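Enquirer: The structure under discussion is supplied below as structure tokens; questions concerning it will follow.
The values are calculated or read from the model by the stated rules, or taken from the named source; none is laboratory data. Here the structure is a predicted model, which means the values were calculated and not measured. Neighbour counts run over all protein chains shown; Cβ positions are idealised from the backbone, glycine included.
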Amino acid sequence: MSQQQFVIGQRWVSDTEAELGLGIVLETDERQVTLGFPAAGQRRTYALRSAPVSRVRYQVDEVISHQDGTTITIAEVMEQGLLLAYKGYTEEGDEHLIPEFELDSFVQFSTPRERLFSGQIDKYTHFSLRHQTLDTLHRHRQSAVYGLSGPRIQPLPHQLYIASEVGRRQAPRVLLADEVGLGKTIEAGLILHQQLMTGRVRRALVVVPESLQHQWLVEMLRRFNLSFTLLDEARCQGMAGLDDIDPSLLPDDEEIVIAEAEDNPFESEQLILCSLEFLSGSEQRYQQAVEAGWDLLLVDEAHHLQWHDGEPSASYRCIEGLSKVSDGLLLLTATPEQLGVESHFARLRLLDPDRYHDLNAFLAEHDGYEALNQRVQGLLAARDGSSSDVVNALDGALTDYLSEAELKRLKTQAKDQPGEAVGQAIHALLDRHGTGRVLFRNTRASVSGFPERKLHNHPLDLDDDDLMALSERPLDEQLRPENFWFEHRGADWWLVDPRVDWLSDFLKSQRGNKVLVICASADSAQALELYLRLRKGIASAVFHEHLSLLERDRAAAYFADQEAGAQVLICSEIGSEGRNFQFAQDLVLFDLPLNPDLLEQRIGRLDRIGQQGQVNIHTPHYADTAQEHLLYWYHRGLDAFEHTCAIGRTLYDEFEARLLASLTDVDDTAFDSLLDDTRERAEALRAQLQAGRDRLLELNSCQPEKAAPLVEALEQQDSDETLPAYLERVFDAFGIDQDEHGEQSWVVHPSEQMRVSHFPGLVEEGMTVTFDRDLALSREDMHYLTWEHPMVHGAQEMIAHSEFGNTALATIKLPPLKPGTLLLEALFVLHCPAPRALQLDRYLPESVLRVLLDPKGKDLSGALAAGKLDSLLQKVPRPSAQDLVRHARPQLAEMMDQAEALVAPKQQALIDDARTRVTQALSAELERLRALAEVNPNVRHQEIETLEKQLTDSEQYLNRAQLRMDAVRVIMTV
């Protein structure tokens, strides 16, 4: 076909930017054409031969508008010198003539019918990609692990169970209290991620101790693809433009001036992260955080919130105020009762002040839990015995807790199925257990998969002169002697420090093994890495807080590479936060921190679930020095190296003065006494914690029969190879370049031929991606692509909610049909605009209704499935396609009417089906909660009211749902 002809005054529409409205030709020459788009106030200049625009030709009976607002129904279309004019009549019957250059530019072509007849015809492959997108979106939203399958985590049953149980609640308010290393941060991230994906949460505030800010920031980004804004005082003032103001020029009422000069920084983003110290230390910032309002508040290290009856600490009052303006609340602590039952009550009081309003009442209730706990243990002990043992256990344990009818049923069942009867009895008690709905706690005793830890002690001898000189230095220099060596020997410390020679020899003896080295400061880490790499030829990398996130990623990736990567990664204290290196088994502690929590954090970089080997902890230290005393106190007093130590900080606070004094005391008698006292106190505390273990609560924190299907569903998604093939089609359609990076990874980056100015989730410099969960867990520099990754989910939303692919034209060879026969393929969706939080997509029985009509109105979709049809189609040049549609418009309009008439009777059936599904799902949960509320006061009345409203709203929105033509494809036989 000949090249399109442009004449000044013609109206065209952009194929790639339909939102610009109706365009008008302003200038044209032999090479270019310039269009103005008055509605958007934009101009575009295109190459004449490849201009991505379509000629707008309205037809008789269509309604159009003049620039002055006059609307007519077209009666005649006239053409004069390649320009069009439309004659028609207003509603009042007045005749008007509207030249095309006087048409109203504020029009949008979005429906398939409008776009098809205005000449906006997409590729036939884009139509099938749209169809696939609608299907995958619908299928994924109905998945049992929707919101849980995207994060970069291992599919661990206890974490998935808690995340699913809490994440599906509206405005959850719970305490996550798993032991150290079991993944409370992951559980909280999963809950938040699911709540964001389902629309239950839009704004969230995370409050953590100052030392954990960057760890949380990295964890949320790397594992959950959640970009938080980190707020501190400097950033707040910078946002207000006050960071360059000279404080001396401010009047006395400085805070008032600042408050008036800035907007609320907590309203600047949807996801905010800040420290507890920042909030509790500034009344102004605290008030701003309260005024901002939150859907979910998340607080880490909640055991630091001190409370005594009538005397709450400043940090407790701060969180209490925020909890009142937040719908949901997640509190995280590894030691829920470490500070006593009173502090435990205080945290529960934050979750539900109406429920936990009286300490004495709670103490009485708490005593009752222990009695119930013992009865459940009796049931568990009888489970493996005879049926009579089980019947006796049921009689003895449940008489006061279950109804007579329920108990009779269980005893009857126990005669044939004793194990099943015990399981049902325990679940009945778990549902009624007091704090079981608001408190979740898993322990290492109940969760398998942790490695053994082994301490390897490496004492290094100093000569008498060095030993004496070191003993005269301050304690911090004795523990971290880098500066001592420089001043004492007048040489660079790495040349004279015996620990460096030991490390060099150790690394050479461990060729082929990955080794993680952690030391206190970034300066020491950098110097050590340079020495090992340049002087000793050891493949090494460094990781510290002064590096950018990208530089840290590269260092971690180099260390993780099993073939050509670094043997050793040297981390600073802060630089190691938020990263896990469980592919390594050897950890070198180049120095020891005084804080037991920091020691556990260091070891935790390797001691994680998923660690495949024994964690070997190496401690090079100077013999007969403060270093050795601290090592012995940790090992012989706390047993902190080879076992997790939840009581470490408590013991440090209790023995701090004696410990600091004895570390530098040459008399070993005082230190030996300290070791004995520490060991005795540690044993007492562990016994106290063990006796206080709430095994009933632990049973309720992971129910295997509910967790197993979640793990299975996640593993099925991991093994599904649909996503890579789908993304290849998406990247091809939108002009995204991809290159093979490895067997299971790609490098993805923008190209000059991109269809859109910005592709969701794609950064300008490109990104390395993988679809393999195991590879993603070991290579944090790679993006882990799942159906929930922002790039994938964003691309799907962009396709589904735009006009992409909603029109197409192709040809096909079908011998039964004579050449020139037109077929119409139409896709229909049940359109139900409703708040995302209702999740009505979960209840819709079908994502897409498809029809394939021949000229007689017969539906051929059953004979020609979508996949089979796609493989037979051939493309048609756009100008030819536009000509065909223009000439066949009356027939195509009639066929679209027939398609709509064909599916219309199915609308009510789909709505009724969806209503039945939502009623069954929500009514069952409502019935359970109402019954549970009668025996368990932890079921908040607000939770029941919210569910009742959700049911009512869902039914009302579904009643207004309508089947809508989503896309249409014209197929001509040849």
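Conditions tested, residue by residue: (1) part of a helix (DSSP H, G or I); (2) at pLDDT 90 or above.
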{"position": "HIS214", "(1), (2)": "yes, no"}
{"position": "VAL218", "(1), (2)": "yes, no"}
{"position": "LEU221", "(1), (2)": "yes, yes"}
{"position": "SER227", "(1), (2)": "no, yes"}
{"position": "ILE245", "(1), (2)": "no, no"}
{"position": "VAL257", "(1), (2)": "yes, no"}
{"position": "PHE266", "(1), (2)": "yes, yes"}
{"position": "GLN284", "(1), (2)": "yes, yes"}
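Enquirer: Name the residue that is surrounded by the fewest Cβ atoms within 10 Å (Cβ to Cβ), counting only residues in region 623-639 that are hydrophobic (A, V, I, L, M, F, W, C) and within 24 Å of GLU482 (Cβ to Cβ). Spell out the reasoning first.
Expert: Taking region 623-639 and keeping what is hydrophobic (A, V, I, L, M, F, W, C), we get 623, 626, 630-631, 633, 638.
So of that shortlist, the ones also within 24 Å of GLU482 (Cβ to Cβ) come out as 623, 626, 630-631, 633.
Values: ALA623: 12, ALA626: 24, LEU630: 24, LEU631: 19, TRP633: 25.
Selected residue: ALA623.
Enquirer: Now a separate question. Tell me, please, whether a residue that is within 25 Å of ASP135 (Cα to Cα) and either in contact with a strand residue (DSSP E or B) (Cβ under 9 Å, 6 or more places away or on another chain) or of a type outside the set (Asp, Glu) (or both) can be found in region 697-710. Even if it seems obvious, please write down each step before you answer.
Expert: Step one: list which residues in region 697-710 are within 25 Å of ASP135 (Cα to Cα), which gives 709-710.
Retained after the next criterion (residues that are either in contact with a strand residue (DSSP E or B) (Cβ under 9 Å, 6 or more places away or on another chain) or of a type outside the set (Asp, Glu) (or both)): 709-710.
Yes, because at least one residue in region 697-710 is within 25 Å of ASP135 (Cα to Cα) and either in contact with a strand residue (DSSP E or B) (Cβ under 9 Å, 6 or more places away or on another chain) or of a type outside the set (Asp, Glu) (or both).
Enquirer: Given THR768, THR786, which one is of a type in the set (Ser, Thr, Tyr), within 30 Å of LEU606 (Cβ to Cβ) and either in contact with a helix residue (DSSP H, G or I) (Cβ under 8 Å, 6 or more places away or on another chain) or not in a strand (DSSP E or B) (or both)?
Expert: The unique qualifying residue is THR786.
Enquirer: To continue, here is another question. Residues to consider are GLU233, GLU210, GLU165; find the one that is surrounded by 20 or more Cβ atoms within 10 Å (Cβ to Cβ) and outside the structural domain of LEU926 (by TED's automatic domain parsing). If you could, list the steps in order and put the result at the bottom.
Expert: Values: GLU233 fails: surrounded by 20 or more Cβ atoms within 10 Å (Cβ to Cβ); GLU210 fails: surrounded by 20 or more Cβ atoms within 10 Å (Cβ to Cβ).
After applying the criteria, what remains is GLU165.
Enquirer: Mind listing whichever residues of region 286-316 are assigned to a loop (DSSP other than H, G, I, E, B) and in contact (Cβ under 8 Å) with a residue 60 or more places away in the chain? Break it down into steps so the answer makes sense when it comes.
Expert: Step one: list which residues in region 286-316 are assigned to a loop (DSSP other than H, G, I, E, B), which gives 293, 300-301, 305-306, 309-310, 313.
If the condition is that a residue be assigned to a loop (DSSP other than H, G, I, E, B) and in contact (Cβ under 8 Å) with a residue 60 or more places away in the chain, then GLY293, ASP300, GLU301 are the ones that fit.
Enquirer: Right, another one. Filter region 283-297 for residues that are touching a helix residue (DSSP H, G or I) at 6+ places or on another chain (Cβ under 7 Å) and over 19 Å from ILE191 (Cα atoms); which is surrounded by the fewest Cβ atoms within 10 Å (Cβ to Cβ)?
Expert: This residue is GLN284.
Enquirer: Filter region 89-116 down to residues that are closer than 30 Å to LEU727 by Cα and either in a strand (DSSP E or B) or of a type in the set (Phe, Trp, Tyr) (or both), then give me how many there are.
Expert: Taking region 89-116 and keeping what is closer than 30 Å to LEU727 by Cα, we get 108-116.
With either in a strand (DSSP E or B) or of a type in the set (Phe, Trp, Tyr) (or both) added as a condition, the list becomes 109.
Residues meeting the conditions: 1.
Enquirer: Here's a follow-up. Only one of these is within 52 Å of the chain's Cα centre (by Cα), under 22 Å from ARG755 (Cβ atoms) and at pLDDT 90 or above: ARG55, ARG44. Name it.
Expert: Working: ARG55 fails: at pLDDT 90 or above.
Exactly one of ARG55, ARG44 is within 52 Å of the chain's Cα centre (by Cα), under 22 Å from ARG755 (Cβ atoms) and at pLDDT 90 or above, namely ARG44.
Enquirer: I'd like to verify a number: residues in region 789-811 that are hydrophobic (A, V, I, L, M, F, W, C) and part of a helix (DSSP H, G or I), how many? Even if it seems obvious, please write down each step before you answer.
Expert: Just the residues of region 789-811 that are hydrophobic (A, V, I, L, M, F, W, C), to begin with: 791-792, 795, 798-800, 804, 808-810.
Filter once more, so that each one left must be part of a helix (DSSP H, G or I): 791-792, 795, 798-800.
Matching residues across region 789-811 total 6.
Enquirer: Name the one entry in PHE655, PHE641 that is within 30 Å of ALA445 (Cα to Cα), among the aromatic types (Phe, Trp, Tyr) and touching a residue at least 40 places away in the same chain (Cβ under 8 Å).
Expert: PHE641
Enquirer: Still on this structure, please answer the following. Would you mind finding the one in GLU803, GLU900 that is of a type outside the set (Gly, Ala, Ser), touching a Ser or Thr at 6+ places or on another chain (Cβ under 6 Å) and either farther than 30 Å from LEU723 by Cα or buried (at least 19 other Cβ atoms within 10 Å of the Cβ) (or both)? Walk me through it before giving the result.
Expert: On the way: GLU900 fails: touching a Ser or Thr at 6+ places or on another chain (Cβ under 6 Å).
Matching residue, one of GLU803, GLU900: GLU803.
Enquirer: With the requirement that a residue be within 28 Å of the chain's Cα centre (by Cα) and among the polar types (S, T, N, Q), what does region 529-561 give you?
Expert: Selection gives SER548 alone.
Enquirer: Give me a count of the residues in region 812-828 that are in a strand (DSSP E or B) and either surrounded by fewer than 20 Cβ atoms within 10 Å (Cβ to Cβ) or without any contact (Cβ under 8 Å) to a residue 12 or more places away in the chain (or both).
Expert: Start the filter on region 812-828 by keeping residues that are in a strand (DSSP E or B), which leaves 812, 822-828.
Next, from what is left, pick out any that are either surrounded by fewer than 20 Cβ atoms within 10 Å (Cβ to Cβ) or without any contact (Cβ under 8 Å) to a residue 12 or more places away in the chain (or both): 812, 822.
Qualifying residue count, region 812-828: 2.
Enquirer: Residues that are at pLDDT 95 or above and buried (at least 18 other Cβ atoms within 10 Å of the Cβ), at least 3 per element: which helices (runs of 4 or more DSSP H) completely within region 408-524 meet that?
Expert: Details: elements: 418-432, 464-471, 475-479, 482-489, 493-496, 498-509.
The helices (runs of 4 or more DSSP H) meeting that bar are 498-509.
Here's the yes/no breakdown for (1) in contact with a Gly (Cβ under 9 Å, 6 or more places away or on another chain); (2) over 22 Å from ARG200 (Cα atoms); (3) modelled with pLDDT under 90; (4) assigned by TED's automatic domain parsing to the domain that holds LEU822:
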| position | (1), (2), (3), (4) |
| --- | --- |
| ALA866 | no, yes, no, yes |
| ALA888 | no, yes, no, yes |
| ALA904 | no, yes, no, yes |
| GLN907 | no, yes, no, yes |
| ALA914 | no, no, no, yes |
| GLU934 | no, yes, yes, yes |
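Enquirer: Which is more than 20 Å from LEU598 (Cβ to Cβ), of a type in the set (Lys, Arg), modelled with pLDDT of 90 or more and not assigned by TED's automatic domain parsing to the domain that holds ALA371, of ARG686, ARG679? Reasoning before the result, please.
Expert: Numbers: ARG686 fails: modelled with pLDDT of 90 or more.
Testing whether each residue is more than 20 Å from LEU598 (Cβ to Cβ), of a type in the set (Lys, Arg), modelled with pLDDT of 90 or more and not assigned by TED's automatic domain parsing to the domain that holds ALA371 leaves just ARG679.
Enquirer: Could you please give the count of residues in region 157-203 that are under 16 Å from the mean Cα position of the chain (by Cα) and assigned to a loop (DSSP other than H, G, I, E, B)?
Expert: 8
Enquirer: Within 14 Å of PHE440 (Cα to Cα), among the acidic types (Asp, Glu), buried (at least 22 other Cβ atoms within 10 Å of the Cβ) and not assigned by TED's automatic domain parsing to the domain that holds ALA640 - does that describe any residue in region 173-181? Walk me through how you get there before you give the answer.
Expert: At the first step, the residues of region 173-181 found to be within 14 Å of PHE440 (Cα to Cα) are 173-180.
Still in the list and also among the acidic types (Asp, Glu): 178-179.
Applying the additional criterion that residues be buried (at least 22 other Cβ atoms within 10 Å of the Cβ) yields 178.
This time we only want the ones that are not assigned by TED's automatic domain parsing to the domain that holds ALA640, so: 178.
Yes: one or more hits.
Yes/no matrix, rows are residues, columns are (1) among the hydroxyl-bearing types (Ser, Thr, Tyr); (2) at pLDDT 90 or above; (3) within 51 Å of the chain's Cα centre (by Cα); (4) more than 20 Å from SER802 (Cβ to Cβ):
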position: GLU19; (1), (2), (3), (4): no, no, yes, no
position: ASP29; (1), (2), (3), (4): no, yes, no, yes
position: VAL33; (1), (2), (3), (4): no, yes, yes, yes
position: ILE72; (1), (2), (3), (4): no, yes, no, yes
position: GLU92; (1), (2), (3), (4): no, no, no, yes
position: PHE106; (1), (2), (3), (4): no, no, yes, no
position: SER118; (1), (2), (3), (4): yes, no, yes, no
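Enquirer: Restricting attention to region 300-318, and to residues there that are crowded, with 19+ Cβ neighbours inside 10 Å and either at pLDDT 90 or above or of a type in the set (A, V, I, L, M, F, W, C) (or both), which single residue is nearest to the chain's Cα centre (by Cα)?
Expert: Out of the qualifying residues, it is ASP300.
Enquirer: Then there's this: Please work out if LEU402 is surrounded by 14 or more Cβ atoms within 10 Å (Cβ to Cβ), outside any helix (DSSP H, G or I) and at pLDDT below 75.
Expert: On the way: surrounded by 14 or more Cβ atoms within 10 Å (Cβ to Cβ): yes; outside any helix (DSSP H, G or I): yes; at pLDDT below 75: yes.
So LEU402 fits the description; yes.
Enquirer: Yes or no: GLU291 among the acidic types (Asp, Glu), over 30 Å from the mean Cα position of the chain (by Cα) and farther than 20 Å from TRP216 by Cα? Give the steps one after another, and end with the answer.
Expert: Numbers: among the acidic types (Asp, Glu): yes; over 30 Å from the mean Cα position of the chain (by Cα): no; farther than 20 Å from TRP216 by Cα: yes.
Against the criterion (among the acidic types (Asp, Glu), over 30 Å from the mean Cα position of the chain (by Cα) and farther than 20 Å from TRP216 by Cα), GLU291 does not qualify.
Enquirer: Quickly run through region 27-74 and pick out the residues that are in a strand (DSSP E or B), among the hydrophobic types (A, V, I, L, M, F, W, C) and surrounded by 15 or more Cβ atoms within 10 Å (Cβ to Cβ).
Expert: If we filter region 27-74 for residues that are in a strand (DSSP E or B), which is where we start, we get 27-28, 32-37, 42-47, 53-55, 63-66, 71-74.
Remaining after also requiring among the hydrophobic types (A, V, I, L, M, F, W, C): 33, 35, 37, 47, 53, 63-64, 72, 74.
Residues satisfying the conditions are VAL33, LEU35, PHE37, VAL53, ILE64, ILE72, ILE74.
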